[in-house]
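Peer 1: Can you keep this structure in mind? I'll have questions shortly.
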Amino acid sequence: VPSALASALAAIVGPSRVLERDSELLTYSSDGLPQYNVRPQLAVFPGTRDEVIAVVRELAARKVPFVPRGAGTGLSGGALADGIVLLGMHRLRRIISIDAANGLAVVEPGVVNANLSRATAPFGLYYAPDPSSQTACTIGGNVAENAGGPHCLKYGVTTNHVVAVTAVLASGEVVTLGNAGGENDGYDLVGAFVGSEGCFGVTLEVTVRLLKLPEAVRTMLADFMSIDSAARAVSAIVAAGIVPAALEMVDQPTVRAVEASIYAAGYPTDAAAVLLIELDGATAGIEYDVARVEQLVRDAGARTVRTATDPVERARLWQGRKKAFGAMGRLAPHLVVQDAVVPRTQLPAVLAEIQRIADETRVVVCNVFHAGDGNLHPNIPYDANDEKEASRVHEAMRRIMAACIAAGGTITGEHGIGVDKLPYMDAIFSPASLDAMCALRSVFDPDRRSNPQKVVPLHACREWFAAPAARP
Amino acid sequence: MTTMLDVGAGTAAIAARVCDAIDTRTPLRVVGAGTWLGGGLVADSARTPTETLSVREHAGIVDYVAGDFTITARAGTTLAEIAAVTARENQWLTLDPMGSDAGTLGATIATASAGPLATGFGGPRDIVLGLEAVTGRGAVIRGGGRVVKNVAGFDLTRLLTGAWGTLGIVTEVSVRLRARPECDETIAITIGASPADVAHVCASLQTWPFAPMAMELLSASLAQRVTGAATTVALIRISGNERDVRAQAAAVDMLGLRVPFDADVWTRYRSAEPTGACVFRLSAPRTRLPNLWEMATRIAAANDGAMYSATPARGVVRCILPQPDRANLSLGSANEATLIVEQAAGVAFPARPVDATIGQLERRLRDAFNPTGTLNPGVMVRTS
């Protein structure tokens with residue numbers, strides 16, 4: 001027998017779009033971090049903007065908390081709904097308009113990231129932020145997480161490409177933040193909303209900026225016999241004033257996993273690390289920059305340097321990088337995915353420290369990351385059923401995060417806080433700053449019903465203690 | 001394992017001053033170098049506080065590691081001071097707000113003031129990495145950090161960027177730096193003055209396989225002041241390696257004939273408006289720039305000595321009326337454009353309509369961060 005809430009929601013979206021049975025909800029009990037496993041109370045999947053608004057208003061009338069979810073590829077547990085309503089947005093996948101002359105597109109939140117660039121390619125345009133999950137993740141999720149990606153080194157992250165957002169607040173009010181028709185003329189509410197991890201409301205429509213496809217692209221692969229020399233090559237390129245479109249590092253354990261998988265990209269498996277360097281721009285000057293980068297990486301100790309010019313070879317080189325997390329599935333049944341940022345000059349020291357921690361805790365760290373940004377992803381494959389191994393892995397992760405913070409870095413560059421990084425928030429923000437974040441959240445969602453208990457630790461928000469237990 | 005940064009004596013003193021002001025119900029006007037006092041959207045002059053809190057003395061570089069391409073400085077540090085320090089490492093901060101480099105970093109961020117380089121590098125919201133601020137509750141808060149990529153916590157940094165000190169006083173800022181390009185060349189080209197001519201220039205920009213660092217179109221009246229040539233001029237700044245720049249210059253030269261200019265042409269462009277002038281911007285999607293240009297031409301015809309310029313990449317036209325007391329403004333179809341007033345100079349502009357829910361969010365923001373209205377009352381207020 002469906003609950004009263006399920007019946008009310010079914011009246012809006014149709015009975016087949018409301019899931020309430022345990023077996024049906026299993027799919028939605030994790031996001032991209034499968035070590036977290038919690039069951040929603042029910043899941044509802046509206047198919048149109050009006051249905052989303054009606055659902056949110058129904059939830060508002062009943063004071064029911066909810067969690068918006070895109071494709072569920074997030075890597076911080078942000079889309080977990082622990083005993084509350086999960087609001088799936090992936091059915092809203094229309095590209096509403098492409099205004100090529102103004103370089104703008106209006107999309108629904110469920111549009112898959114890669115599909116947008118595919119749709120705009122005939123106009124010579126593309127959408128720059130390209131998270132590794134871009135063939136699955138949605139623009140709505142990207143907005144919630146302020147998603148990054150390899151090409152954000154040169155072109156910036158999601159927040160730099162969103163012009164306006166129409167959202168339904170938890171109260172049911174619909175509001176357009178930002179100004180697609182000119183300069184923003186008030187507070188930067190788009191800036192506040194992007195990266196709010198679903199805590200400020202539910203995205204209905206996003207206006208994004210499109211960029212011209214570059215005239216020329218060169219992808220280079222350089223391999224090194226030590227991680228340190230690869231890290232020094234990164235510094236040398238950046239210091240020379242060259243801004244590559246992407247500058248990625250993949251270490252040996254990752255290379256081996258990739259090369260043994262169906263995503264094999266032709267990376268040398270005996271190298272300590274490879275760098276994937278992409279340059280783009282006008283044809284006129286690109287070969288000159290390619291030659292400069294080649295010289296710089298050779299001076300830093302590169303063994304070989306390969307340059308791909310044709311799209312097929314470039315795609316193959318990229319495949320190894322973008323599918324690396326998936327390839328790690330070959331190494332062990334479970335994987336801890338990590339995300340931290342350090343100042344670029346600290347890369348060699350921090351990478352050495354991570355290796356020291358890995359040795360001491362007897363774990364294998366697979367580093368695959370955005371080296372140009374200093375955005376690390378030290379991932380650890382392991383067997384979660386082996387309690388001793390699991391506790392060593394958690395010890396290693398705690399120490400790695402501490403090392404990144406001590407180096408002047410931060411606890412997440414692109415995956416978000418969600419629930420996974422909550423324990424680290426106190427380490428980088430003062431109580432007053434966390435309090436300000438709580439206050440900002442309350443501006444958008446005073447009842448704190450949209451994605452409750454994420455991003456800011458409960459104990460840090462004095463006012464949160466006064467929040468009513470908003471469970472149905 | 002905490003690296004939470006200490007609150008410096010300067011910030012503590014500013015926080016103490018704010019707390020005093022809250023207790024004594026003394027509204028404060030927050031200033032840096034004091035060059036943007038006439039701005040802040042529709043400022044309510046009747047409520048302008050008599051007490052000012054200047055952050056100009058709260059200055060100095062806090063942290064600069066050249067290899068990281070980031071710098072952290074206190075709010076009162078001038079852009080000139082930052083330029084001097086970063087130039088030694090062949091780097092620069094690509095923020096060149098209208099006015100001069102005597103302006104402070106804090107005010108540039110607090111007012112989100114952009115200049116010609118925003119065409120190539122984005123504005124303050126794209127360049128700021130983190131900041132420290134004293135809220136209207138007297139609390140010292142930090143958002144973001146010193147690294148170039150950061151999604152930890154809600155984005156207090158962008159919230160305070162462009163909030164004109166109405167939510168908090170920006171006391172320290174971390175920003176991204178760039179390497180000085182190998183070649184940096186400015187070209188001034190004479191172009192036609194009609195909307196069709198402007199449309200042609202805009203169309204060219206879209207077909208070029210490169211993005212100029214800056215591209216501004218100057219009315220003849222403004223060009224005369226900046227370059228000496230009394231003709232409509234496109235001022236274009238290109239960069240890259242030698243080959244890039246040669247190819248870019250060839251493309252730019254297709255637009256028209258070059259006109260000569262001095263080395264300080266950008267400095268002059270940024271500071272062209274006479275003291276006391278009324279300055280405002282109109283913006284729209286970039287394909288409507290010719291319409292905005294036409295509107296500016298009409299306004300200029302009705303106002304003695306008026307000057308204007310356009311930024312094709314951003315769809316912005318900026319108008320300068322040197323004699324605000326005799327301003328003759330009929331913005332006509334301006335409701336199709338977004339109006340932003342930089343310096344009202346006593347000119348009455350139409351009240352800006354605001355969506356009710358946005359108005360509610362803005363009110364709640366002020367209630368949360370500046371509940372007593374101590375900081376910059378009358379600024380960022382939608383209706384007077």
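Peer 1: List the relative contact order of region A:259-377 as a percent without decimals, with contacts defined as Cα pairs under 8 Å and 6+ residues apart.
Peer 2: The value is 25 percent.
Peer 1: Name the shape class, rounded, prolate or oblate, that the alpha-carbon gyration tensor gives for chain A, where a ≥ b ≥ c are the square roots of its eigenvalues, rounded holds for a/c under 1.5, and otherwise prolate holds if a/b is larger than b/c and oblate otherwise.
Peer 2: Prolate, because a/c is 1.5 or more and a/b exceeds b/c.
Peer 1: With unit charges on the beta carbons (Lys and Arg positive, Asp and Glu negative) and the dipole taken about the Cα centre of chain A, which residue among A:112, A:70, A:5 sits farthest to the positive side?
Peer 2: With unit charges placed on the Cβ atoms, the residue in question is A:5.
Peer 1: Given the options A:311, A:346, B:24, identify the residue whose Cα lies farthest towards the positive end of the charge dipole of the protein assembly as shown (+1 on Cβ of Lys, Arg; -1 on Cβ of Asp, Glu).
Peer 2: B:24
Peer 1: Would you compute, from DSSP H runs of 4+ residues alone, the mean residue ellipticity of chain A at 222 nm, taking -39500 (n - 2.57) per run and dividing by the full residue count, rounded to the nearest 500? Intermediate values should be presented prior to the final figure.
Peer 2: Numbers: 16 runs with 158 residues, N = 472.
Calculated at 222 nm, the ellipticity per residue is -10000 deg cm²/dmol.
Peer 1: Let me ask you something else. Counting helices only, and only those DSSP H runs with n ≥ 4, report the 222 nm mean residue ellipticity of chain B as the sum of -39,500 (n - 2.57) divided by its residues, in deg cm²/dmol to the nearest 500.
Peer 2: So the helix-based figure for chain B works out to -8000 deg cm²/dmol.
Peer 1: Given points 7 Å out from each Cα along the Cα-Cβ axis, report the residue B:328 to residue B:304 separation in nanometres with one decimal.
Peer 2: 1.1 nm
Peer 1: Order these peptides, A:243-252, B:265-274, by their mean beta-carbon neighbour count within 10 angstrom, highest first. Intermediate results must be reported in sequence, preceding the final value.
Peer 2: Details: A:243-252: 24.3, B:265-274: 18.3.
Most protected by this proxy first, the peptides run A:243-252, B:265-274.
Peer 1: Now for a different question. Based on the alpha-carbon gyration tensor of region A:149-197 and its eigenvalue square roots a ≥ b ≥ c, which shape applies: rounded if a/c is under 1.5, prolate if not and a/b is larger than b/c, or oblate?
Peer 2: Oblate shape, in that a/c is at least 1.5 and b/c is the bigger or equal ratio.
Peer 1: Here is a follow-up. Taking the beta-carbon count within 10 Å as an exposure proxy, list A:304, B:338 from fewest neighbours to most.
Peer 2: The most exposed by this proxy come first: A:304, B:338.
Peer 1: Between region A:283-310 and region A:366-407, how many Å separate their Cα centres?
Peer 2: 31 Å
Peer 1: Next question, about the same structure. Summing Lys, Arg as +1 and Asp, Glu as -1, what charge do residues with Cβ under 12 Å from the Cβ of residue B:234 carry, residue B:234 excluded?
Peer 2: Local net charge: -1.
Peer 1: So, one more: Treat every Asp and Glu Cβ in chain A as -1 and every Lys and Arg Cβ as +1, leave all other atoms uncharged, and give the resulting dipole magnitude about the Cα centre to the nearest 20 debye. All intermediate terms of the calculation are to be shown ahead of the outcome.
Peer 2: On the way: 42 positive and 50 negative charges, 109 e Å.
The dipole magnitude comes to about 520 debye.
Peer 1: Under 10 Å from the Cβ of residue B:70, count the other residues' Cβ atoms, weight Lys and Arg +1, Asp and Glu -1, and hand me the total.
Peer 2: For residues surrounding residue B:70, the net value is +1.
Peer 1: Given the options B:172, B:81, B:342, which has the most mean-square fluctuation in a GNM of chain B, springs set between C-alpha atoms less than 10 angstrom apart?
Peer 2: Judging by the Gaussian network model, the answer is B:81.
Peer 1: Further, regarding this structure: At 7 Å along the Cα-to-beta-carbon direction for both residue A:3 and residue A:38, put a label point, then send me their distance in nm to one decimal.
Peer 2: 1.5 nm
Peer 1: Which net charge results for the neighbourhood of residue A:172, defined as the other residues with beta-carbon distances under 9 angstrom from its beta-carbon, given Lys and Arg at +1 and Asp and Glu at -1?
Peer 2: Here the charged neighbours net out to -1.
Peer 1: Could you grab the relative contact order for region B:230-384? Cα pairs under 8 Å, six or more apart, rounded to a whole percent.
Peer 2: 21 percent
Peer 1: Give the cysteines in chain A for which no other Cys Cβ lies under 4.7 Å away, or write none if there are none.
Peer 2: A:137, A:152, A:199, A:366, A:404
Peer 1: With the Cα gyration tensor of region A:1-137 giving a ≥ b ≥ c as the square roots of its eigenvalues, does the rule (a/c under 1.5 for rounded; else a/b larger than b/c for prolate; else oblate) give rounded, prolate or oblate? Could the numbers behind the result be given before it?
Peer 2: Numbers: a/c = 2.80, a/b = 1.62, b/c = 1.73.
Cα axes put region A:1-137 in the oblate bin.
Peer 1: Distance from the Cα centre of region A:139-202 to that of region A:411-463, in angstrom?
Peer 2: 18 Å
Peer 1: Separate question: Please average, across the residues of A:400-407, the number of beta carbons from any other chain that are within 10 Å of each residue's own beta carbon, and give a whole number. Spell out each step's value before the answer.
Peer 2: Numbers: counts 0, 1, 3, 1, 3, 5, 3, 2.
Neighbouring Cβ atoms belonging to other protein chains average 2 per residue here.
Peer 1: In the protein assembly as shown, if the dipole is taken from +1 on Lys/Arg beta carbons and -1 on Asp/Glu beta carbons about the Cα centre, which of B:206, B:70, B:186 is farthest to the positive end?
Peer 2: B:206
Peer 1: Using a 10 Å cut-off on Cβ to Cβ distances, tally the other chain neighbours for every residue of A:187-199 and report the average as a whole number.
Peer 2: For this peptide, the per-residue mean of nearby foreign Cβ atoms is 6.
Peer 1: Another question, then. About the Cα centre of the protein assembly as shown, how large is the charge dipole given +1 on each Lys and Arg Cβ and -1 on each Asp and Glu Cβ? Please answer in debye to the nearest 20.
Peer 2: Details: 77 positive and 85 negative charges, 194 e Å.
Taking the Cα centre of the protein assembly as shown as origin, the dipole is about 920 debye.
Peer 1: While we're here: Hey, what did region A:106-249 get for relative contact order, percent, Cα under 8 Å, at least 6 apart?
Peer 2: 28 percent
Peer 1: For the protein assembly as shown, go through all pairs of different Cα atoms, get the mean of 1/r, take its inverse, and jot down that Kirkwood value in Å. Intermediate results must be reported in sequence, preceding the final value.
Peer 2: Details: mean 1/r = 0.0360 Å⁻¹.
The Cα-based Kirkwood calculation yields 27.8 Å.
Peer 1: What full-extension length gain, to one decimal in nm, is calculated for residue B:62 and residue B:367 as 0.36 nm per residue of separation minus the Cα-Cα distance?
Peer 2: Values: separation 305, 0.36 × 305 = 109.80 nm, distance 3.15 nm.
Length difference between fully extended and current span is 106.7 nm.
Peer 1: How much length is gained on full extension from residue B:354 to residue B:19, taking 0.36 nm per residue of separation minus their Cα-Cα distance?
Peer 2: Using 0.36 nm per residue and subtracting the Cα-Cα distance, I get 117.4 nm.
Peer 1: Once R0 is set to 51 Å, what does the formula 1/(1 + (r/R0)^6) return for the Cβ-Cβ distance between residue A:364 and residue B:203, expressed as a FRET efficiency to the nearest 0.05? The partial results should precede the final answer.
Peer 2: Working: r = 55 Å, r/R0 = 1.08.
That pair, residue A:364 with residue B:203, gives E of 0.40.
Peer 1: Would you mind telling me which residue in B:88, B:281, B:142 has the biggest mean-square fluctuation in a Gaussian network model of chain B, where springs connect alpha carbons within a distance under 10 angstrom?
Peer 2: B:88
Peer 1: Next question. Calculate the all-directions average of the projected area of region B:61-192's alpha-carbon convex hull, and give it in nm².
Peer 2: For the Cα atoms of region B:61-192, the hull's average projected area reads 9.3 nm².
Peer 1: Using Cα centres only, tell me the gap between region A:214-280 and region A:1-33 in whole Å.
Peer 2: The two parts, judged by their Cα centres, are 44 Å apart.
Peer 1: Next up: Per residue of A:435-446, what is the mean number of Cβ atoms on other protein chains within 10 angstrom of that residue's Cβ?
Peer 2: Partner Cβ neighbours, averaged per residue: 6.
Where a number appears in this text, it was derived from the coordinates with a stated rule and is not lab data. Predicted, not measured: the structure shown is a model, and the values here were computed from it. Note: ideal-geometry Cβ built from the backbone for every residue, glycine included; neighbour counts use all protein chains shown.
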